[in-house]
Amino acid sequence: MKTLISACLLGVRCRYDGGHSRSTAAIKHHETEPLISICPEQLGGLPTPRPPAEIVGGDGEDVLANKAKVITEAGEDVTDAYLLGALDTLRIAQSHGATQVILKARSPSCGCGAIYDGTFSGTLKTGDGVTTALLKQHGIEVISR
């Protein structure tokens, strides 16, 4: 079984701020089974670094239903890039038969169970990011790190 993983968890500098979120637990997981490194934001065409973005008006499910948007701190709508990245991530998962994905916590793409609330204040709310919501809709298990 192959597993997809957020590239930033493996130490790739692809976060919005040009950094990474290296996770020792993710690295250990990488030693025992094949992982496919992905970054939904980059797959969606966003640069690194890039302005911080949050989901405004809901969560990833709401973005997929066209009821919420992903907006940068400066007010730019980047929803289309987040949707494209989510779709590409789903295609990669399906093409490799992945049934499990390990994604970065709290991200507007990858967050699972908790994401930032859209006010850029560091406040969390219950919900999933866009990529997580789409993967879950297709029966793929998402683990948050």
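The values are calculated or read from the model by the stated rules, or taken from the named source; none is laboratory data. Everything numeric here is computed off the predicted structure, so don't read it as measured data. Remember, those area values only see protein heavy atoms, side chains included, never the ligands or the DNA or RNA. Shrake-Rupley method; radii C 1.70, N 1.55, O 1.52, S 1.80 Å.
What to note about this one:
- Exposure rank, largest accessible area first [Glu76, Glu31, Glu54; 1.4 Å]: Glu31, Glu76, Glu54
- Linear extension gain, Gln94 paired with Thr48, 0.36 nm per residue minus alpha-carbon span: 14.0 nm
- Centroid-to-centroid, using Cα positions, region 47-86 and region 104-123 are 11 Å apart.
- Portion, in percent, of the accessible area of the chain that falls on carbon or sulfur, probe 1.4 Å: 51 percent
- For the chain, the solvent-accessible area of protein heavy atoms averages 46 Å² per residue (probe radius 1.4 Å; ligands and nucleic acids excluded).
- Rounded, prolate or oblate (a/c below 1.5 giving rounded, otherwise prolate when a/b exceeds b/c) for region 8-116 by Cα gyration tensor: prolate
- Cut-off under 5 Å, modelled amide H: who pairs with Ala114 long-range: Arg106, Gly127
- Accessible area per residue was computed with a 1.4 Å probe on protein heavy atoms; Ser95 scores about 90 Å².
- Gyration tensor (alpha-carbon) shape descriptor, region 1-51, a/c threshold 1.5: oblate
- Non-local lysine pairs in the chain, meaning eight or more places apart or on different chains, with alpha-carbon distances under 20 Å, amount to 12.
- Stretched out straight at 0.36 nm per residue, the stretch from Ala65 to Thr32 would grow longer than its current Cα-Cα span by 8.2 nm.
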